[in-house]
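Okay, structure first, notes after.
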Amino acid sequence: MDITLSHITALELIRQAYFPKRLANSASCPTSLPDHMPRKAELIELVSANPLFKNATLPLHVLVGPDCPRNRTKLVCPHVFSATPPSGSFVSLAPGIRCVSPLLLPVLMAPHLTHNELVLLLAELLGVYVVNPSASKGLVQRARPLISPDQLRAFLDELGAARGTAMVRAALDETPVGAASPMEAKLYIRSTRGFSKGGYHFGEVALNDPVEVRRLSSGIPQFRVRKPDLILLSPGGPTRDPIPFRGVAFDYHGDWHTDPEQVKRDTRRGNELLASGIKSYVLWKKDYDNLDYMDSIMERARRDLGLAPRKLSRARAAKERRARKKLHAELERIDGVHWSGFPDNRRRVVADFGVSA
């Protein structure tokens, strides 16, 4: 058996709890691609004998070499990869079974995704969360990101001009690193993207960054290190007028923040941040979805950071508002499970290699 799983199937496997331990073998995993399609008997053996595929969806996506005869069926969807895969492209799951690595996956997925989908896929790979619809909060946490931006850039350099690399480079420039949830990633995108593209165009941003908080609160040693979801850092310096705050933090609150003990922890954290020169804003989902509210909060944050007010013509202001509304709507449609380029993998689930709705 020689099967290399890719695309949606690879993403489903990468999201499994066991996967980070398998990454250690990626450097030594063979990089030659199969020259034949898997036979139905091999697929049945693969799924029935391996519990890793219990919740996989059909068709199974596989990667093959450019000379491989291929045709798509209800059970398997082949994808051709013509470039030479660098070391680290694949992860061994079992004898004869490989999965594309988190480094190669976004390159393969890029041609099938919108730009914003690709950014959020990268945010998950570079973050500490895993999209999991069956979990109580729709996600679970990882101990650490699967890959780093430097690792991905080095990998892209080795791939050269392979299809998808340019799209991944462009998306990586807009991707948050270390996000703890999809909503944090989306908030980062809205906060940092340019005005004409629907964002609020803040500059330096720290996401779940305890180092920056430690530095800002170093003069108050009894305070603990805190990790706000997002910190907007002031551009103020010795030549600028005094600014109200050294930074502004945004914390997105989901339903679990209504727990009385969590409310106490959130309040304590907000007070400590304020004492260290960071003004903290709390955003609930209804606030995040309210464009007028977000516009008002972001304008207030600009003043908090000492940024000059923007003077726009009525036409420019209306155009930027339409862009903000469009970006919010596009990000809301992305759930990490359904992807625009894969419309056929929604309701077919592998269960003893039968297909159920």
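Each reported figure results from applying straightforward, stated rules to the coordinates on display, with no laboratory input. Quantities reported herein were computed from a predicted structural model and do not represent experimental measurements. Please note: Cβ atoms are built from the backbone with ideal geometry, for glycine as well, and neighbour counts cover all protein chains shown.
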Counting Lys and Arg as +1 and Asp and Glu as -1 over every other residue whose Cβ sits under 11 Å from the Cβ of P34, the net charge comes to -2
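Multiply the residue gap between R268 and Q141 by 0.36 nm, knock off their C-alpha separation, and tell me the result in nm, one decimal place.
43.4 nm
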Show me the ranking of peptides 131-141, 300-310 by mean Cβ neighbours inside 10 Å, starting with the highest.
300-310, 131-141
Contour minus end-to-end for R303 and D287, with contour as 0.36 nm per residue of separation and end-to-end as the Cα-Cα distance?
3.8 nm
Between T31 and H112, what is the FRET efficiency for a Förster distance of 30 Å, r being their Cβ-Cβ separation, to the nearest 0.05?
0.85
Once the other residues with Cβ under 12 Å from the Cβ of K197 are scored (Lys, Arg +1; Asp, Glu -1), what is the net sum?
+3
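What net charge do the residues around R324 carry, taking every other residue with its C-beta under 14 Å from that of R324, with Lys and Arg at +1 and Asp and Glu at -1? Numbers along the way, then the final one.
Details: positive: K186, R190, R193, K197, R310, R316, K319, R321, R322, K325, K326; negative: D289, D292, D295, E299, E320, E330, E332.
It works out to a net charge of +4.
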Three-way shape label, segment 103-207, alpha-carbon gyration tensor, a/c 1.5:
oblate
Could I have the simple spin-label model distance between K21 and H338, label points 7 Å from Cα toward Cβ, reported in nm to one decimal?
3.5
Volume per residue of the C-alpha convex hull in segment 38-94, rounded to whole Å³:
95
Unit Cα scatterers, Debye sum, segment 72-163: log10 I(q)/I(0) for q = 0.15 Å⁻¹:
-0.72
Once both labels are modelled 7 Å past Cα along the beta-carbon direction, what's the S87-R72 spacing in nm?
3.6
Full extension from R153 to K197: what is 0.36 nm times the residue separation minus their Cα-Cα distance, to one decimal in nm?
13.4 nm
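Given N residues in segment 8-162, what is its alpha carbon radius of gyration divided by 2.2 N^0.38 Å?
Relative to the 2.2 N^0.38 Å estimate, segment 8-162 comes out at 1.02.
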